[in-house]
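The values are calculated or read from the model by the stated rules, or taken from the named source; none is laboratory data. What you are looking at is a predicted structure, and each value in this text was computed from that prediction instead of being measured. Counting neighbours? That spans all protein chains shown, and the Cβs are built from the backbone with ideal geometry, glycine included. These accessible areas exclude ligands, DNA and RNA; they are computed on the full protein's heavy atoms, side chains included. Shrake-Rupley method; radii C 1.70, N 1.55, O 1.52, S 1.80 Å.
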Amino acid sequence: MTDTLRPAEDAAPGHPSDSPQKLKRSIGVVGGTLLTLSCVTPASTLFVVVPDLFGTLGTATALTIAIGSLLCIAVAFCYAELGTLIPSAGGEYAMVSTLAGRLTGWLVFVLSLLVVMIVPPVIAMGTADYLAPVVHLDPSLTGAAVMLLATLAGLLDLRANAWITGIFLVLEVIAAAVVAVLGFAHGHRGLDSLVSMQVAGAHGHTDAVTAALVVSGLAIALFVTQGFSTAVYLSEELEHPRRDVARTVLATLAISTVIILVPVAAITLGATDLKELTGGDISSMVTAWSNTAVGTFVSLCVALAIVNAGIVMVIQNSRVLFASARDKAWPTPVNGLFSNLGRFGSPWVATLAVGVPGALFCFVDLDTLYGVTGVSVTAMYLLVAVAALLGRRDPHRHTPAWRMPLWPALPILLIVVLTYVLTQQDVGYLLWTGGITAVATLYWALYLRPRAATHWLVSLPEDTRP
């Protein structure tokens, strides 16, 4: 069913994989959690992504995110088990390649690359909206500037970035807490409205939100708390990956769900009417609930949170590209560049390679970026669930790792549910993602597979091999 994978050090003599560069183990579970939470970027997700869900789902937004969070518990279990079993900076692709075959792992890598290239600019473009109380800026240009700033920060030592992002994270949690307190304090409807499934329609009418629309929105809802996977990407820099990856994944999901879901419920209850809720202008709601000074404070906190998210996402994404080069996914000169570590121990060429294109993506239509990201995340989770279903076969049955409860029921349930969610997505976004995946499959068939002895050799750090 699967190609046999060899450790990178078993490659042909003289091949660059004989002495692959190693990332430095420099962070514990607290630093990893801070970085991972910052990648989930709860406040910027709340203020940038959630307003679009309000526009589509109205009062059903909180319910949809809650369902997505429940699904993410099963996904997090898969990541926690596989991330401790295969602790590699390659994240999903290393786990899936090892357990479900090289081609499947390659497709997961392409999907993860889509996500890591698209999500940062999507978030970054929201910066201008939240700097508006101070200065009016063009969203695309501001987003590009944030991406470039994040790229520069990503070149620094990881421990330094953990402290920087930790400080920013505190500010964004404060902003989310202010919104939650104000929303609940100015409630205009009862708790039953959280499941009423209504949205403002045209000409002041109230439209019902269908179950099919909620299912369709689950792809974006999964994306809302998706960042917990960063713990896996950082596994080669965690001091005790067999223990700390699982702790970081599960703690991050729990904390981020609370930080996002509680304010969403508060906003739903506090909006004066469905039109205001569907409009999704959270800053205006905060100002109406309090005063201009509080509204400005919250907006500036969100702007800092977006910069914070950009920094962590660039860090995460550069590790994925670094790992792919170390595992020989590209022609030899490209592999040499992407696997090169700079003065601070960070993969500096890979960092530039994900940050600069991210700045350019800030000039692409947002709806397309959202749609392709939602499909990619759902498909990636689906393939991770397949790997989790296969993860207890020999030779990994007795490898030290955190083991999820209710296996194999949880992976099977995920496979069924995520397959259905994919069938409910917009055809255009499915075609975009499918087309990119088809091109990647051709690259695999024409370049990687004929070079199976020397390319795409997914490896593990020496200190974590079975």
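General observations
- Residue in segment 419-435 that is under 22 Å from the mean Cα position of the chain (by Cα), under 28 Å from residue 334 (Cβ atoms) and crowded, with 16+ Cβ neighbours inside 10 Å present: yes
- Residue within segment 226-241 that is at pLDDT below 85, under 23 Å from residue 128 (Cα atoms) and either part of a helix (DSSP H, G or I) or open to solvent by 60 Å² or more (accessible area, probe 1.4 Å) (or both) present: yes
- Residue in segment 249-272 that is under 25 Å from residue 58 (Cβ atoms), part of a helix (DSSP H, G or I), in contact with a helix residue (DSSP H, G or I) (Cβ under 7 Å, 6 or more places away or on another chain) and open to solvent by 40 Å² or more (accessible area, probe 1.4 Å) present: yes
- All of 382, 360 fail the test of being touching a residue at least 40 places away in the same chain (Cβ under 8 Å) and either in contact with a strand residue (DSSP E or B) (Cβ under 7 Å, 6 or more places away or on another chain) or more than 30 Å from residue 452 (Cβ to Cβ) (or both), apart from 360.
- All of (1) under 25 Å from residue 384 (Cα atoms); (2) surrounded by 23 or more Cβ atoms within 10 Å (Cβ to Cβ) hold for residue 60 with one exception: (1).
- Residue in segment 384-391 that is within 30 Å of residue 410 (Cα to Cα), part of a loop (DSSP other than H, G, I, E, B) and modelled with pLDDT of 80 or more present: yes
- Tally of residues being under 29 Å from residue 293 (Cα atoms) and surrounded by 21 or more Cβ atoms within 10 Å (Cβ to Cβ) across segment 130-158: 7
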